[in-house]
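Below: one structure, written as structure tokens.
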Amino acid sequence: MSTAKEEAIDLSWTLGPPTFDVLEPGNCQFDENWKKVELVERTKIAHNVIVFTFRTPDGKTSLNLPTCSCILAKGGKDAEGNDIVRPYTPVTSNNIWGRFSLIIKIYPDGAFGKYISNCRVGDEVEFKQIPINVKIQYPFGKKKYYGMLVGGTGITPMVQALHALLGNEKDTSQINMLLGNQTEDDILCDKVLKSWTLTHGEQFDVTHVLSSEPEDSTWTGERGFITKELIEKHFASPTEDVLIFVCGPPQMYDAFCGPRDERDKLSGILSDMGYSVDQVYKF
């Protein structure tokens, strides 16, 4: 594949329909040891977003990723000479054999992003999965309602969860997502989310909230930040059978639920609204 073709923005890229293919932890092809796998395709879907597709370790079968979980990627060195390691959630489901895809946003000052953006088809990148990478598992407590508070790149674990929730025809739970970004151009998986709201509109809804969208743009959706009022409008109340997923940058956890590593504690807006610690999961 030529560099020119690799770098062309592909606006048709999509994940396809949500697919139910859930496996239990312990089956993933990545274990606690680093494994090198080949980059087989890279597709630029926005000015600073690239979909990297890698071969699975055996090159033949599914990655066998538990739902939900992420993997660790290693590449490059920091200023002190230490390995750069970052967590990423594959957006491809387990029905894809022999390969898996990561959506990665390339930030100007991102150390791993600089490394991965320089990788070309045929290069190898190291991955592994450790126990802490395995998150809450489907069916996520079999709730009637799910709320997703999402910021930026936090959308990728939610795509993984949506594959299970929407892909299972027997699952009738209602899912409402509040997705915050700076501008419309920053929305990851926008084409996928639009498609899934069309095909599963009776079950799934997304409300976008943009904090820095130019005033003279054609955007007609919500502006500013995700607020208590938007949560009250779109999510089931604390008295309902509901579970809220929070996934985004650190300041999002601080505002809505408290630090991510304090899973047994709840503070912030969700606590003030009456939700309990058992009704909130911090990704």
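Filtering Leu188, Leu165, Leu193 for residues that are within 19 Å of Pro18 (Cβ to Cβ) and in a loop (DSSP other than H, G, I, E, B) leaves a single hit, Leu188.
In region 183-200, the residues that are open to solvent by 20 Å² or more (accessible area, probe 1.4 Å) form Cβ pairs under 6 Å with partners that are part of a helix (DSSP H, G or I), at six or more places apart or across chains, as follows: His200/Leu166. The set of residues in region 82-97 that are part of a strand (DSSP E or B) and under 14 Å from the mean Cα position of the chain (by Cα) comprises Arg86, Pro87, Tyr88. The residues of region 82-121 that are open to solvent by 40 Å² or more (accessible area, probe 1.4 Å) and either among the hydroxyl-bearing types (Ser, Thr, Tyr) or over 30 Å from Phe20 (Cα atoms) (or both), listed by number, are Asn82, Asp83, Tyr88, Tyr107, Pro108, Asp109, Ala111, Lys114, Tyr115, Asn118, Arg120. For Leu149, the conditions (1) over 18 Å from Met252 (Cα atoms); (2) open to solvent by less than 10 Å² (accessible area, probe 1.4 Å); (3) aliphatic (A, V, I, L, M) all hold with the exception of (1).
The values are calculated or read from the model by the stated rules, or taken from the named source; none is laboratory data. As the structure is a prediction and not an experimental result, all values here were calculated from the model. Don't worry about glycine lacking a Cβ; one is built from the backbone with ideal geometry, like all the others, and counts go over all protein chains shown. SASA here: full protein model, heavy atoms, side chains in, ligands and nucleic acids out. Shrake-Rupley method; radii C 1.70, N 1.55, O 1.52, S 1.80 Å.
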